[in-house]
1. To test your reading of the geometry: what angle, between 0 and 90 degrees and rounded to tens, separates the Cα axis of helix 14-56 from the longest principal axis of the chain?
2. Choose one answer from 23, 47, 55: the residue with the largest mean-square fluctuation in a GNM of the chain with alpha-carbon springs under 10 Å.
3. Using a Gaussian network for the chain with springs between C-alpha atoms less than 10 Å apart, which of these wobbles most: 25, 15, 40?
4. Would you calculate, for the chain, the mean residue ellipticity at 222 nm contributed by helices, counting each DSSP H stretch of 4 or more residues as -39,500 (n - 2.57) and dividing by all residues, to the nearest 500?
5. Once you have a ≥ b ≥ c as the square roots of the Cα gyration tensor eigenvalues for the chain, tell me rounded if a/c is under 1.5, and otherwise prolate or oblate according to whether a/b is larger than b/c.
6. Using a Gaussian network model of the chain whose springs link C-alpha atoms within less than 10 Å, name the residue from 13, 44, 33 with the highest mean-square fluctuation.
């Protein structure tokens, strides 16, 4: 039979739930940080790579690979 998340969480002790919640918060914060980095990297690539390609006369793969 399928359990809801709350039913599943109820099988853990309060100390276990606290540990799980703390780790979940760490993972969420890490994901947000990685998302911010990817967003910043994409913005940089969108802005800078076309200029580099024109300047060097190469395709995007040649510029991105170095």
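Laboratory data are not the source of any read-out in this text; all were calculated from the coordinates shown. Just so we're clear, the structure is a prediction, and the values are computed from it rather than from any experiment.
1. 10 degrees
2. Of the options given, 55 has the highest mean-square fluctuation.
3. Largest GNM mean-square fluctuation: 15.
4. -27000 deg cm²/dmol
5. Working: a/c = 5.69, a/b = 3.80, b/c = 1.50.
Note, shape of the chain comes out prolate.
6. Of 13, 44, 33, the most mobile in the Gaussian network model is 13.
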